[in-house]
Amino acid sequence: MRRCDHCDLLVGAGCACSPSRRPASEHSGAPESGTSPDSGFPPGTILISPRRIAHRLGCTHQSDSEIAAPLWGWIIDPDPHLWRRISPTNPARATHGNTDRSAVRRCQSCDS
């Protein structure tokens, strides 16, 4: 992944700078290799909302434009069984974006 020239965080995984503050090459609109074409996140990423709810990529009631630090956190390349373990007694902590976020429940739409 590329780093933002302005804040030095990973573009699409922590950088919350507006696209106008990044060089044109960093916000061309083309997803990086190995990422979801819609969101720019790698497949399998777990998204964590400000309401402490875990979502999967492509969640039908979340807009990709809303998913950004500092409001959201995410887990890239999570343990394959993490999704099923998410609960109040086993929260999932974000590893990217807002790393203070943790999910205590799964989105019902994403879980079906």
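Odds and ends about this structure:
- Test result for residue 96, in contact (Cβ under 8 Å) with a residue 40 or more places away in the chain and over 15 Å from residue 52 (Cβ atoms): yes
- In this structure, residue 60 does not qualify as in contact (Cβ under 8 Å) with a residue 24 or more places away in the chain, polar (S, T, N, Q) and surrounded by 13 or more Cβ atoms within 10 Å (Cβ to Cβ).
- Selection over segment 85-105 of residues that are surrounded by fewer than 20 Cβ atoms within 10 Å (Cβ to Cβ), in contact with a strand residue (DSSP E or B) (Cβ under 9 Å, 6 or more places away or on another chain) and part of a strand (DSSP E or B) gives a count of 4.
- Checked against the criterion of being touching a helix residue (DSSP H, G or I) at 6+ places or on another chain (Cβ under 7 Å) and either β-branched (Val, Ile, Thr) or assigned to a strand (DSSP E or B) (or both), the candidates 55, 61 yield just one match: 55.
- Residue within segment 65-75 that is on the phi > 0 side of the Ramachandran plot and surrounded by 12 or more Cβ atoms within 10 Å (Cβ to Cβ) present: no
Every number in this text was worked out from the coordinates using simple rules, so none of it is lab data. If you're wondering where the values come from, they're calculated on a predicted model, not measured in any experiment. FYI the Cβ positions are ideal-geometry reconstructions off the backbone, even for glycines, and counts take in every protein chain you see.
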